[in-house]
Amino acid sequence: MPKRDFLALTDFSPKEIGAVLDMAAAMKAGKYLARPLAGKAVGMLFAKSSTRTRVSFEVGTYQLGGHPMFLSSRDLQLGRGEPIRDTARVLSRYLNGIVIRTYAHDEVEDLARHAAVPVINGLTDLLHPCQVLADLLTVRECLGGWKGKVVAWIGDGNNMANTWLQAAGQLGFTLRIACPEGYEPNREIFEWAKSRADVSVTEEPEEAARGAHVINTDVWASMGQEAEAEARRLAFHGYMVDDNLMGLAAKNAIFLHCLPAHRGEEVTDEVMEGSHSRVWDQAENRLHVQKALMATLMGGSRSGKREKGKGKSKTR
Ligand code: CP
Ligand code: NVA
């Protein structure tokens, strides 16, 4: 079997997404005791900061019996100009899987194309699929699923918004995105999602939030956009999720934020700490879904990588 990657939610069928969430739920419930990564090493290549992604992948690898290796791109030769395709081929000779967080999505695709081992996208400027897998598990736990549900995205049409569009397209729920003009999600991803689900973009946060079952937001300036922070603060004026906006949502609506949160910008402290907030469960779920993902992609006896005495490596 060829190795498989997880670079986007669209890399998995809806059925496969369901299977990963089922496995994650079993892991969370303590019903999964296997150690499919025993004897394996997973490299975690980070070009951007991280609290949740790094720690949950490292702990998850350890809990599955494997050895996590944090690799800052600053310390790798990659940071001094070694091509990603060379890095991919070399790392594939040592590792059983790679998690990567970087800027350009193309770089992750390039890595996956040249790596002989599974690659997982730990966030790019375009997508953050591991986070939305965790969000979907949280929605399923809190609301019983997404059939007939309305999800509102308030704020920047960023990597998270793009990934929620892919989720809506794959799973068929309603997604309403409220963002200022000029900060819309990726056009191509939006059109793709629109051909499969009820997704829309408005400039009115109230319109998106009214009757919604999930209210979702994220920072106004993502990693790499620090220089735009002030301009964005002005552009996003009026897009803060506060109690008034939450009051327009469905009665038992949940509030999600992938974190880190900037209280007083995209969300108030009251909403973060309030009764609708599920942000800590959401953060915990990163661990469970990523363990399920690693068990699925890297847990087999073969992961596209050469095993001792079994012929030539598939590394190109
Ligand atoms: N939500 C998320 O990916 O957090 P980190 O940037 O801390 O990994
Ligand atoms: N949109 C944010 C998400 C952080 C987890 C960023 O890319 O910085």
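Just so you know, all these numbers are worked out from the coordinates, no wet-lab data involved. Quick caveat: nothing in here was measured; it's all calculated off a predicted structure. All Cβ positions, glycine included, derive from the backbone under ideal geometry; neighbour counts span all protein chains shown.
Taking segment 225-257, which residues are surrounded by fewer than 13 Cβ atoms within 10 Å (Cβ to Cβ) and within 16 Å of ligand 1 (Cβ to nearest atom)?
226
Please count how many residues of segment 116-164 are farther than 19 Å from residue 176 by Cα, touching a residue at least 60 places away in the same chain (Cβ under 8 Å) and surrounded by 24 or more Cβ atoms within 10 Å (Cβ to Cβ).
10
When you scan segment 107-123, do you find a residue that is more than 14 Å from ligand 1 (Cβ to nearest atom), of a type in the set (Val, Ile, Thr) and in a helix (DSSP H, G or I), even just one?
Yes, because at least one residue in segment 107-123 is more than 14 Å from ligand 1 (Cβ to nearest atom), of a type in the set (Val, Ile, Thr) and in a helix (DSSP H, G or I).
Among 151, 99, 132, which is the only one that is in contact with a Phe, Trp or Tyr (Cβ under 7 Å, 6 or more places away or on another chain), within 13 Å of ligand 2 (Cβ to nearest atom) and either in a loop (DSSP other than H, G, I, E, B) or closer than 25 Å to residue 293 by Cβ (or both)?
The match here is 132.
Would you check if residue 184 is more than 18 Å from residue 21 (Cβ to Cβ) and within 16 Å of ligand 1 (Cβ to nearest atom)?
no
Residue 203 is checked against (1) away from ligand 1 (no atom under 16 Å from the Cβ); (2) surrounded by fewer than 20 Cβ atoms within 10 Å (Cβ to Cβ); (3) within 27 Å of residue 51 (Cβ to Cβ) and fails just one. What number does that condition carry?
With respect to (1) away from ligand 1 (no atom under 16 Å from the Cβ); (2) surrounded by fewer than 20 Cβ atoms within 10 Å (Cβ to Cβ); (3) within 27 Å of residue 51 (Cβ to Cβ), residue 203 is out only on (3).
May I ask you to list the residues in segment 1-15 that are exposed (fewer than 15 other Cβ atoms within 10 Å of the Cβ) and either under 19 Å from residue 102 (Cα atoms) or of a type outside the set (S, T, N, Q) (or both)?
1, 2, 14, 15 - these are the residues of segment 1-15 that are exposed (fewer than 15 other Cβ atoms within 10 Å of the Cβ) and either under 19 Å from residue 102 (Cα atoms) or of a type outside the set (S, T, N, Q) (or both).
Confirm whether residue 215 is touching a helix residue (DSSP H, G or I) at 6+ places or on another chain (Cβ under 9 Å) and over 24 Å from residue 275 (Cβ atoms).
no
What pairs come up if the first residue lies in segment 89-110 and is farther than 13 Å from residue 6 by Cα, the second is acidic (Asp, Glu), and their beta carbons are under 8 Å apart, counting only those six or more places apart or on different chains?
Note: pairs meeting the criteria are 103/125; 104/125.
Restricting attention to segment 192-232, report how many residues are within 14 Å of ligand 2 (Cβ to nearest atom), under 22 Å from the mean Cα position of the chain (by Cα) and either under 19 Å from residue 175 (Cβ atoms) or not charged (D, E, K, R) (or both).
10
Out of (1) in contact with a Leu (Cβ under 8 Å, 6 or more places away or on another chain); (2) more than 16 Å from ligand 1 (Cβ to nearest atom), what's the single condition that is false for residue 48?
Answer for residue 48: the failing condition is (2).
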